[in-house]
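Visitor: One structure, as structure tokens, below. Some questions next.
Where a number appears in this text, it was derived from the coordinates with a stated rule and is not lab data. What you see is a predicted model; the values in this text were computed from it and never measured. Virtual Cβ from ideal backbone geometry, glycine too; neighbours counted across all protein chains shown.
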Amino acid sequence: MGKGWMCYYRALQQGPASVVVPIDKLSILVTIAFSWIVFHEKLTRKSAVGVVFITVGIVLMTKL
């Protein structure tokens, strides 16, 4: 976990926050995919809608 934060702060030093932060926020998709594939967790309709809203919000954030 500490290494992840170190990489995040290093990326912020080298690149613009408008690029680094959305990439970091999309890591939620990796977490959801991992839990679905490895642990066979179910994605409810409510959760799926939330994931779509998060993804759309991040994409919109990168366009502004």
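Visitor: What ³J(HN,Hα) values, in whole Hz, does the Karplus curve 6.51 cos²θ - 1.76 cosθ + 1.60 give for region 24-36 when θ = phi - 60°, with x put for Gly and Pro?
Guide: Values, residue by residue: 5, 5, 6, 4, 4, 5, 5, 4, 5, 4, 4, 5, 6 Hz.
Visitor: In debye to the nearest 20, how big a dipole does the chain give about its Cα centre with +1 on each Lys and Arg Cβ and -1 on each Asp and Glu Cβ?
Guide: Roughly 80 debye for the chain.
Visitor: Over its Cα atoms, what ratio of radius of gyration to 2.2 N^0.38 Å does the chain give?
Guide: Taking N as the residue count of the chain, the ratio is 1.30.
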